[in-house]
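These notes concern the structure reproduced below.
Laboratory data are not the source of any read-out in this text; all were calculated from the coordinates shown. Since this is a predicted model, take the numbers as computed values, not measurements. Cβ placement follows ideal geometry from the backbone for every residue including glycine, while neighbour counts extend to all protein chains displayed.
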Amino acid sequence: MLSAIEAAKKQGADLILFSEMSVCGYPARDFVEFNDFITKCYAQVDIIKEAADTIGVLIGSPARNPNKKGKDLFNAAFFLHDKKIIAEIHKTLLPTYDVFDEYRFFEPSGAFSVIEFKGVKIALTICEDIWNMDDQPMYDQSPMDILIKDKPEIMINISASPFDADHHEDRLRILNENTSKYHLPIIYVNHIG
């Protein structure tokens, strides 16, 4: 990640994106139940934050929930710039179907806010948060329906959606549905490998 950040700076990029839970890998499964593992994730965020001096860096990592109610962690996106965390966004829609078991480990977000970066208002979401688009939605809310009220100019979604032979077409359909519904461009990053 540090090498990619340096390469992006040399190319004059304003922002570099990494996937959901990129700091520790996705899914981290039971590792997130170990406090030492979470502490080490925060240590890596701090190292990456130092590289985010002249460039915005968007990374995914588990984040501690300061509220005593609910689960101990969030599936989070950290927006880094000027060697600081300028925003921390938490995933709202936590899948529990197929290979996913996120609600077991993470607290869903109930807070929504647009991030302003270099004069651009960004609606930042994490993976499943843009998938509640069908006629029979799986969840009772859609984060973008709330974020659109703050008049963002672009959507960014960081994902770690697993490979499936037919999933590419589904992803493109969902991305197209989001751009059509909200009349905004979208930047989408998924993990590879």
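For this structure, a couple of remarks:
- DSSP-loop trypsin sites (Lys or Arg not before Pro) across the stretch 97-193, with at most 15 other Cβ within 10 angstrom: K118
- For the stretch 1-87: span of alpha carbons on each principal axis (Å, largest first): 42, 22, 17
- Global size of the stretch 111-193 as Cα Rg and Dmax, reported in angstrom: 12.8, 39
- Loop-located chymotrypsin sites (Phe, Trp or Tyr not before Pro) in the stretch 88-148, at most 12 other Cβ atoms within 10 Å (DSSP): Y97
- Most simply put, the stretch 85-193 has about 25% antiparallel DSSP beta bridges, counting only bridges with both residues inside it.
- Computed over the stretch 2-189, the quotient of the alpha carbon radius of gyration and 2.2 N^0.38 Å is 1.00.
- Of the beta bridges in the chain, as assigned by DSSP with both residues counted there, near 55 percent are antiparallel.
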